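Structure first, then comments.
Every read-out reported here was derived from the displayed coordinates using simple, explicitly stated rules and does not represent laboratory data. The model shown is predicted, which means the values in this text are computed figures rather than measured ones. Counting neighbours? That spans all protein chains shown, and the Cβs are built from the backbone with ideal geometry, glycine included.
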Amino acid sequence: MDVTSLAIIVLLTGIVVVFAVLLILSIVIKGYSEVIHVTRKKPLPKAEVRPVRISHSIKKTNSIDNKIIAIISAAVYEFYNQNNKKYKILDIEQVINQNSKWRSSGVLQNTLPFRN
């Protein structure tokens, strides 16, 4: 047997062994995945409805714009809905702003597009 034919046999044997091991590993991983999927199939718990109280800091006015209420409601719903639980907003109250002027300016600048 010459060197070239021996090299080809070693090369082909290596390729076959590597692909066989990869095939066996993929079958084992898929099997584990199926077992875990079957064992974790439990009914989802019933969604709970919890009230959420929202406080929004605004300038001194007597009412809150409906658009602001809608934006706050959507943001709170998306934030709390990550747990797949149902929440209902019961009340939105005005809070006296006791923050710094820098923070108030940043809030005003970043929420300006929603106020028009």
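Calculate, for Glu78 and Ser100, the FRET efficiency according to 1/(1 + (r/R0)^6) with r their C-beta to C-beta distance and R0 30 Å; round to the nearest 0.05.
0.60
What per residue convex hull volume, in Å³, comes out for region 1-42 when only alpha-carbon positions are used?
In region 1-42, the Cα convex hull volume per residue is 27 Å³.
What whole-number distance in Å separates the alpha-carbon centres of region 101-116 and region 1-28?
Between the Cα centre of region 101-116 and that of region 1-28, the gap is 66 Å.
Tell me, in nm to one decimal, what length is gained between Ile29 and Asn110 on full extension, where the rule is 0.36 nm per residue of separation less the Cα-Cα distance?
Additional length available on full extension: 24.3 nm.
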